[in-house]
Amino acid sequence: MKSILFKIWKFPKLSETFIVNQVILAIKLGYEVRILTEEVCDIPKNANQELFREYKLEDKLILEDYKIPKTKFRRALKVTGLIFKRPDLLASLLRFYRKSQRKGFFAVFQFFFYKKLRDYDIIHIQFGTNKNPVDILKKTGFLKSRIIASFHGHDLYFPINNRIPNDGYYDLLFETADSLIANTPFLKEKLLDLGAPAEKIKAIPVAVNTQYFKPVFKKDVDKKIRLVTVGRMDELKGQEYGIRVVNRLIRKGMGIEYFLAGGGIYERRLKGLVKELELDKFVFFVGNLDQKRVCTILQASDIFLMTSVINKAGMEESQGLVTAEAQACGLPVVAFDTGGVKYTLINGETGFLCKEKDLDDFATKLEFLIKDHHLRVKMGIIARDFIEQEYSEISVRKKWRETYG
């Protein structure tokens with residue numbers, strides 16, 4: 001059985017359900033999986049804890065702790081012991097040390113920690129920023145594992161996190177990785193712009209569990225039309241535009257209600273906007289939801305609003321997994337045309353794309369859907385079929401089987 005080591009900074013982060021899904025997909029494919037992380041997040045408070053229990057993910061965690069002694073004397077003593085026990089690794093250590101970003105005792109402890117991870121067939125880096133020191137160890141020949149790096153969006157916008165400049169930051173990773181994964185053609189172009197070798201890039205979307213996210217029959221066609229947006233609350237996700245569009249339609253007498261799932265730094269601001277516009281009886285905040293409750297709220301809704309926009313840093317949505325999950329539940333989508341969103345729906349068939357931040361365009365197309373029940377049903381059926389063909393676990397699993405080998 002082949003083994004895969006997933007390298008992740010923090011795990012499991014609430015906003016990164018797709019990482020958990022990727023790990024589970026590898027398990028389903030029959031690989032022996034371990035998860036290397038610098039920090040284990042609070043699992044009992046995480047929205048994915050049911051999946052953690054089912055697939056025993058907590059038992060697969062490896063904490064990236066180099067166990068560096070606090071005092072300089074103890075550090076020197078321990079380093080001496082490590083080198084003395086494995087003099088055969090001295091040449092490899094020196095090659096790594098010369099290329100290491102950090103010098104001193106840290107590099108030595110880091111090297112000997114990764115010595116324990118040399119037997120994995122594949123190291124799958126999630127987010128390019130988690131490359132260190134894998135790219136260096138592969139370059140020096142110390143690691144023989146195949147290297148796969150998945151990029152998810154913000155890790156391709158420089159300066160990354162407003163602190164990492166584009167000074168050849170990914171050059172060594174592009175050289176040493178066997179495969180570079182983008183979740184949409186949009187991110188593939190980003191990689192090419194940064195100089196990644198075209199022959200190494202593969203576009204593989206994040207998969208949707210279509211056995212889990214599926215439509216349910218809705219009896220009452222005379223009820224209020226339920227709109228929904230799911231996602232962390234920040235500038236990029238653009239929920240403010242959804243609220244403002246709903247406000248316009250409410251003033252026109254539309255029988256609608258709008259549910260916002262998620263949390264984040266913009267939550268207070270968004271609630272303030274709802275209060276300012278006197279929409280408390282029409283717009284509802286339901287908080288962070290686990291996968292089961294996300295599925296439930298999608299199934300109970302009629303139209304999904306994908307409100308993501310380009311933020312001030314120039315970042316755009318790379319894919320938008322929840323757009324695919326909504327369509328899997330039979331919901332048509334109204335979305336701004338930004339980033340990779342256009343690849344997650346068929347404009348005019350499974351939903352509508354709108355000019356970015358254009359409230360008139362968004363409101364017009366949404367009103368059109370609200371008024372036409374039969375169109376919503378028709379688009380929902382096509383949407384479900386589209387996701388099964390392009391984004392289901394079955395279709396995506398084949399691509400990962402080929403990539404993992």
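The values are calculated or read from the model by the stated rules, or taken from the named source; none is laboratory data. Remember, it's a predicted structure, so these values are computed and weren't measured experimentally. FYI the Cβ positions are ideal-geometry reconstructions off the backbone, even for glycines, and counts take in every protein chain you see.
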Please enumerate the residues belonging to segment 321-338 that are part of a loop (DSSP other than H, G, I, E, B) and either free of Cβ contacts under 8 Å to residues at least 60 places away in the same chain or among the aliphatic types (A, V, I, L, M) (or both). Leu331, Pro332, Asp337, Thr338
Tally the residues that are closer than 18 Å to Glu240 by Cα and either buried (at least 17 other Cβ atoms within 10 Å of the Cβ) or among the small types (Gly, Ala, Ser) (or both), restricting the search to segment 343-363. 6
Residues of segment 195-232 being assigned to a loop (DSSP other than H, G, I, E, B), aliphatic (A, V, I, L, M) and surrounded by 17 or more Cβ atoms within 10 Å (Cβ to Cβ), in sequence order, are Ala196, Ile204, Val206, Ala207
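This table checks each residue for (1) of a type in the set (Ser, Thr, Tyr); (2) touching a helix residue (DSSP H, G or I) at 6+ places or on another chain (Cβ under 9 Å); (3) within 20 Å of Glu325 (Cβ to Cβ).
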position: Thr140; (1), (2), (3): yes, yes, no
position: Leu143; (1), (2), (3): no, yes, no
position: Ala149; (1), (2), (3): no, yes, no
position: His154; (1), (2), (3): no, yes, no
position: Asp178; (1), (2), (3): no, yes, no
position: Ile225; (1), (2), (3): no, yes, yes
Considering only residues that are out of contact with any Phe, Trp or Tyr (no Cβ under 8 Å at 6 or more places or on another chain) and of a type outside the set (A, V, I, L, M), look in segment 89-99 and name the one that is farthest from Leu77 (Cα to Cα). Lys99
Answer yes or no: is there a residue in segment 126-137 that is under 21 Å from Gln22 (Cβ atoms), touching a Phe, Trp or Tyr at 6+ places or on another chain (Cβ under 9 Å), of a type in the set (A, V, I, L, M, F, W, C) and surrounded by 16 or more Cβ atoms within 10 Å (Cβ to Cβ). yes
Can you name the residue in segment 233-278 that is among the basic types (Lys, Arg) and either outside the structural domain of Gly380 (by TED's automatic domain parsing) or over 28 Å from the mean Cα position of the chain (by Cα) (or both) and, of all such residues, is surrounded by the most Cβ atoms within 10 Å (Cβ to Cβ)? Arg248
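For every residue, the table says whether it meets (1) among the small types (Gly, Ala, Ser); (2) touching a residue at least 12 places away in the same chain (Cβ under 8 Å).
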| site | (1), (2) |
| --- | --- |
| Gln49 | no, yes |
| Lys56 | no, no |
| Leu63 | no, yes |
| Lys67 | no, yes |
| Ala76 | yes, yes |
| Arg86 | no, yes |
| Leu89 | no, yes |
Positions within segment 275-320 being within 18 Å of Ala261 (Cα to Cα), out of contact with any Ser or Thr (no Cβ under 7 Å at 6 or more places or on another chain) and in a helix (DSSP H, G or I), in sequence order: Lys275, Lys292, Arg293, Val294, Cys295, Thr296, Ile297, Leu298, Gln299
Please tell me if Val208 is over 22 Å from Met315 (Cβ atoms) and under 22 Å from the mean Cα position of the chain (by Cα). yes
Touching a Pro at 6+ places or on another chain (Cβ under 8 Å), in the same structural domain as Ile27 (by TED's automatic domain parsing), over 30 Å from Lys237 (Cβ atoms) and not in a loop (DSSP other than H, G, I, E, B) - does that describe any residue in segment 62-76? yes
Here's a check for you: in segment 233-258, which residue that is in a loop (DSSP other than H, G, I, E, B) and of a type in the set (Lys, Arg) is nearest to Gly272 (Cα to Cα)? Lys237
Output yes when any residue across segment 320-336 is closer than 20 Å to Gly153 by Cβ, at pLDDT 95 or above and aromatic (Phe, Trp, Tyr), and no when none is. yes
Can you tell me which residues in segment 183-194 are crowded, with 20+ Cβ neighbours inside 10 Å and without any contact (Cβ under 8 Å) to a residue 40 or more places away in the chain? Lys188, Lys190
